[in-house]
Structure formats: C-alpha cells, structure tokens
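**Q** Here it is, the structure, as structure tokens.
The values are calculated or read from the model by the stated rules, or taken from the named source; none is laboratory data. Keep in mind it's a predicted model, so treat the numbers as computed, not measured. Here the Cβ is made from the backbone with ideal geometry for all residues, glycine too, and neighbour counts use every protein chain on show. Keep in mind that these areas ignore ligands, DNA and RNA; they rest on the heavy atoms of the full protein, side chains included. Shrake-Rupley method; radii C 1.70, N 1.55, O 1.52, S 1.80 Å.
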Amino acid sequence: MDKRYMALGTSMLVLRLLEQQSMYGYQIIRELEQQSQMVFRLQEGTLYPILHGLEQQGAVVSVQKTAENGRMRKYYEITTQGKKLLEEKAGEWKAYEAAVNRVMGGVLFG
C-alpha cells in the first residue's frame, strides 16, 4: 500500500488499537498487521514518532509494566483526551471515505 495513503490514518489506527487494550510498541505493530491482514505494516522507526506525538498531544500515556515474559516494557494507554481525538479522526475519516466514494461512484476498481 502506498505510504502516503497509510499516513492519513495511522495515528487513528494506533489509537483504535490502544482503545482495545494497552500495548507495547512491538505488540502494536503485530496487532495492526494481524487485524489488517498484513495491509498495514509499520516499522518501529515509523511507529515510535507517532506514539511520541500522541503522547505530546495528551492522547496516550506510557507506563512501565512487566510483560508476560517477565521483562519490563513501556506500554501505551489511551487517555480520555485520546478517545476524543479518536472520535474526531474517525469522523474525518468517514467524511474522507464518503467523498472518495462520491467521486468514484461507489465503485472500486480491481
């Protein structure tokens, strides 16, 4: 998938995953791949700037926790502000999707 298209909704997708449960970085990458059936594939170098930006906006917080394997990991959790941001981004995405569908006539070309 063209990275320009993916960039439009990546922070929205990360927030959605964190709304489901708190996760550490590598877990976010794997969960995004799994839920998108390998359409979305992030590198750590792409994910962490997104997470740091969301932290600066107050949309997520990071917390040190012990993982299942006993190692300490930095988990990311969505905040109340993050849930509001996710709602806004989802609304923007729906408007974008509707506009594309209007132009394309609701037909996807394969």
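**Q** Let me understand the range 4-89 better: what is its radius of gyration from the alpha carbons, and its Dmax, in angstrom?
**A** 12.3, 38
**Q** Let me ask something additional. Could you check how much of the accessible area of the chain is carbon and sulfur, as a whole percent, using a 1.4 Å probe?
**A** Working: 3820 of 7500 Å².
Solvent-exposed carbon and sulfur of the chain make up 51 percent of the total.
**Q** Now for a separate question. Might you tell me the accessible area per residue for the chain, computed with a 1.4 Å probe and given in Å²? Kindly include the intermediate steps, with their values, before the conclusion.
**A** Values: 7500 Å² over 110 residues.
Dividing the accessible area of the chain by its residue count gives 68 Å².
**Q** Between Tyr48, Tyr26, Tyr96, where does the largest GNM mean-square fluctuation fall for the chain, given springs only between Cα atoms within less than 10 Å?
**A** Result: Tyr96 has the largest fluctuation of those listed.
**Q** Determine the dipole magnitude for the range 20-104: charges of +1 sit on the beta-carbon of Lys and Arg, -1 on that of Asp and Glu, nothing else is charged, the reference point is the Cα centre, and the result goes in debye to the nearest 20.
**A** Numbers: 11 positive and 10 negative charges, 20 e Å.
With Lys and Arg at +1 and Asp and Glu at -1, about 100 debye.
**Q** Return one number: the angle in degrees, 0 to 90 and rounded to the nearest 10, between the long axis of the Cα atoms of helix 3-20 and the longest principal axis of the Cα atoms of the chain.
**A** Approximately 50 degrees, to the nearest ten.
**Q** Now, a different point. If I fit a long axis through the Cα atoms of helix 80-104 and take the longest principal axis of the Cα atoms of the chain, what angle between them do I get, 0 to 90°, rounded to 10?
**A** 20
**Q** Return the FRET efficiency for the residue pair Glu87, Thr66: r is the Cβ-Cβ distance, R0 is 22 Å, and the value is rounded to the nearest 0.05. Write out the running numbers ahead of the final one.
**A** On the way: r = 32 Å, r/R0 = 1.44.
FRET efficiency, Glu87 to Thr66: 0.10.
**Q** Report, in degrees rounded to the nearest 10, the 0 to 90 angle that the Cα long axis of helix 44-56 makes with the longest principal axis of the chain.
**A** Helix 44-56 sits roughly 80 degrees off the main axis of the chain.
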